[in-house]
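Data block below; observations after.
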Amino acid sequence: RWVLVPSYLVVVGLVIWLLAEAKAALKQVTAKRARDDMVLIALAGHGLLFGAESYYCPHDAEPDDPKSMLAIKEVYAELGRSGAATNLLLVDACREDAVRGRRNPGVDTAPPAPEGVGVLFSCSRGQYSFESKELKHGVFF
(Lines give C-alpha, C1' and ligand atoms only; values in the text may rest on other atoms or scores of the structure.)
Protein backbone atom coordinates (compact mmCIF):
# COMPACT_ATOMS: atom_id res chain seq x y z
CA ARG A 1 0.00 0.00 0.00
CA TRP A 2 1.26 3.46 -0.90
CA VAL A 3 0.25 6.69 0.78
CA LEU A 4 1.04 9.90 -1.08
CA VAL A 5 0.75 13.39 0.32
CA PRO A 6 1.47 16.10 -2.25
CA SER A 7 2.11 19.52 -0.79
CA TYR A 8 0.47 21.48 -3.58
CA LEU A 9 0.79 19.87 -6.98
CA VAL A 10 -0.87 16.71 -8.17
CA VAL A 11 -1.39 15.57 -11.73
CA VAL A 12 -5.17 15.85 -11.49
CA GLY A 13 -5.36 19.28 -9.88
CA LEU A 14 -3.90 21.93 -7.69
CA VAL A 15 -4.13 21.68 -3.91
CA ILE A 16 -2.89 24.49 -1.69
CA TRP A 17 -2.47 23.63 1.96
CA LEU A 18 -2.34 26.06 4.80
CA LEU A 19 -0.16 25.22 7.78
CA ALA A 20 -2.98 23.72 9.86
CA GLU A 21 -4.11 21.58 6.91
CA ALA A 22 -0.56 20.37 6.25
CA LYS A 23 -0.04 19.37 9.89
CA ALA A 24 -3.39 17.57 10.04
CA ALA A 25 -2.73 15.72 6.77
CA LEU A 26 0.75 14.72 7.93
CA LYS A 27 -0.67 13.21 11.12
CA GLN A 28 -3.51 11.49 9.26
CA VAL A 29 -1.25 9.93 6.65
CA THR A 30 1.33 8.63 9.13
CA ALA A 31 -1.20 7.31 11.68
CA LYS A 32 -1.82 3.58 11.96
CA ARG A 33 0.50 2.55 9.15
CA ALA A 34 1.35 -1.14 8.91
CA ARG A 35 4.91 -2.41 8.58
CA ASP A 36 4.35 -3.25 4.89
CA ASP A 37 3.13 0.29 4.07
CA MET A 38 5.17 2.99 2.38
CA VAL A 39 4.61 6.62 3.29
CA LEU A 40 5.71 9.15 0.67
CA ILE A 41 5.50 12.86 1.45
CA ALA A 42 6.30 15.46 -1.20
CA LEU A 43 6.90 19.12 -0.40
CA ALA A 44 7.27 21.61 -3.24
CA GLY A 45 7.73 25.32 -2.70
CA HIS A 46 9.89 27.55 -0.57
CA GLY A 47 12.11 26.44 2.27
CA LEU A 48 13.70 28.70 4.87
CA LEU A 49 16.32 28.33 7.57
CA PHE A 50 16.07 29.88 11.04
CA GLY A 51 19.25 29.25 12.99
CA ALA A 52 19.98 25.59 12.32
CA GLU A 53 16.33 24.64 11.74
CA SER A 54 14.90 24.03 8.26
CA TYR A 55 11.28 24.89 7.46
CA TYR A 56 8.88 24.35 4.59
CA CYS A 57 6.68 27.36 3.80
CA PRO A 58 3.01 26.55 3.23
CA HIS A 59 0.83 29.05 1.38
CA ASP A 60 0.02 31.03 4.55
CA ALA A 61 3.62 31.27 5.84
CA GLU A 62 4.98 34.57 7.10
CA PRO A 63 8.63 34.88 5.95
CA ASP A 64 9.93 36.03 9.33
CA ASP A 65 7.83 33.73 11.54
CA PRO A 66 8.94 30.09 11.74
CA LYS A 67 5.81 29.26 13.76
CA SER A 68 3.83 29.84 10.55
CA MET A 69 5.86 27.14 8.77
CA LEU A 70 6.23 23.38 8.86
CA ALA A 71 9.48 22.37 10.56
CA ILE A 72 11.32 19.65 8.66
CA LYS A 73 12.18 18.04 12.01
CA GLU A 74 8.41 17.79 12.66
CA VAL A 75 7.96 15.97 9.33
CA TYR A 76 10.87 13.67 10.26
CA ALA A 77 9.30 12.95 13.66
CA GLU A 78 5.92 12.06 12.16
CA LEU A 79 7.55 9.80 9.57
CA GLY A 80 9.64 8.15 12.28
CA ARG A 81 6.47 7.34 14.26
CA SER A 82 4.49 6.10 11.25
CA GLY A 83 4.99 2.38 11.76
CA ALA A 84 5.68 1.93 8.03
CA ALA A 85 8.89 0.17 7.11
CA THR A 86 9.47 2.61 4.25
CA ASN A 87 9.18 6.36 4.72
CA LEU A 88 10.30 8.77 2.02
CA LEU A 89 10.33 12.57 1.95
CA LEU A 90 10.79 14.41 -1.35
CA VAL A 91 11.63 18.11 -1.11
CA ASP A 92 11.55 20.40 -4.14
CA ALA A 93 12.51 23.70 -2.57
CA CYS A 94 15.10 26.29 -3.43
CA ARG A 95 18.10 26.61 -1.15
CA GLU A 96 18.35 30.36 -1.46
CA ASP A 97 16.66 32.70 0.99
CA ALA A 98 15.15 34.89 -1.73
CA VAL A 99 11.87 35.13 0.18
CA ARG A 100 13.49 37.30 2.82
CA GLY A 101 15.92 38.90 0.34
CA ARG A 102 19.05 37.52 2.04
CA ARG A 103 21.83 35.18 1.15
CA ASN A 104 22.48 32.97 4.09
CA PRO A 105 25.42 30.58 3.84
CA GLY A 106 23.66 28.17 6.23
CA VAL A 107 20.60 27.87 4.00
CA ASP A 108 22.47 25.14 2.16
CA THR A 109 22.40 22.71 5.06
CA ALA A 110 19.67 20.14 5.59
CA PRO A 111 19.06 18.21 8.78
CA PRO A 112 19.99 14.54 8.68
CA ALA A 113 17.04 12.18 8.37
CA PRO A 114 16.29 9.85 11.26
CA GLU A 115 16.67 6.10 10.91
CA GLY A 116 14.02 4.59 8.65
CA VAL A 117 13.39 7.82 6.74
CA GLY A 118 14.82 8.45 3.27
CA VAL A 119 15.03 12.00 1.95
CA LEU A 120 15.62 13.28 -1.59
CA PHE A 121 16.19 16.97 -2.22
CA SER A 122 15.83 18.65 -5.61
CA CYS A 123 19.42 19.89 -5.45
CA SER A 124 22.67 19.11 -3.67
CA ARG A 125 24.71 21.19 -1.29
CA GLY A 126 25.97 24.28 -3.09
CA GLN A 127 23.24 24.08 -5.75
CA TYR A 128 19.88 25.81 -6.17
CA SER A 129 16.54 24.52 -7.35
CA PHE A 130 14.58 26.59 -9.85
CA GLU A 131 11.09 26.65 -11.31
CA SER A 132 10.55 25.80 -14.96
CA LYS A 133 8.84 28.62 -16.85
CA GLU A 134 6.97 26.09 -18.98
CA LEU A 135 5.83 23.92 -16.06
CA LYS A 136 5.29 26.82 -13.61
CA HIS A 137 6.84 24.69 -10.83
CA GLY A 138 10.08 22.91 -10.08
CA VAL A 139 11.35 20.21 -12.40
CA PHE A 140 12.00 17.69 -9.58
CA PHE A 141 8.30 16.77 -9.47
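Amide H contacts of Ala42: Val5, Ser7, Leu90, each under 5 Å away and 5 or more positions distant or on a separate chain (H built 1.01 Å from N in the peptide plane; Pro and chain starts excluded).
Backbone geometry of region 45-53 corresponds, through the Karplus equation with coefficients 6.51, -1.76 and 1.60 at θ = phi - 60°, to 3J(HN,Hα) couplings of x, 9, x, 10, 10, 10, x, 9, 9 Hz, x marking Gly and Pro. Cross-link partners of Lys23 among lysines, defined as those whose alpha carbon lies under 19 angstrom from its own and excluding same-chain residues fewer than eight positions apart: Lys32, Lys67, Lys73.
Taking the 1.4 Å solvent-accessible surface of region 24-66 as the whole, the part contributed by carbon and sulfur is 52%. Applying 0.36 nm per residue to the separation of Ala25 and Glu115 and subtracting their alpha-carbon distance, the gain on full extension is 30.2 nm.
The values are calculated or read from the model by the stated rules, or taken from the named source; none is laboratory data. Since the structure is predicted, the reported quantities are computational estimates derived from the model, not experimental observations. Please note that ligands, DNA and RNA were not included when accessible areas were found on the heavy atoms of the full protein model with its side chains. Shrake-Rupley method; radii C 1.70, N 1.55, O 1.52, S 1.80 Å.
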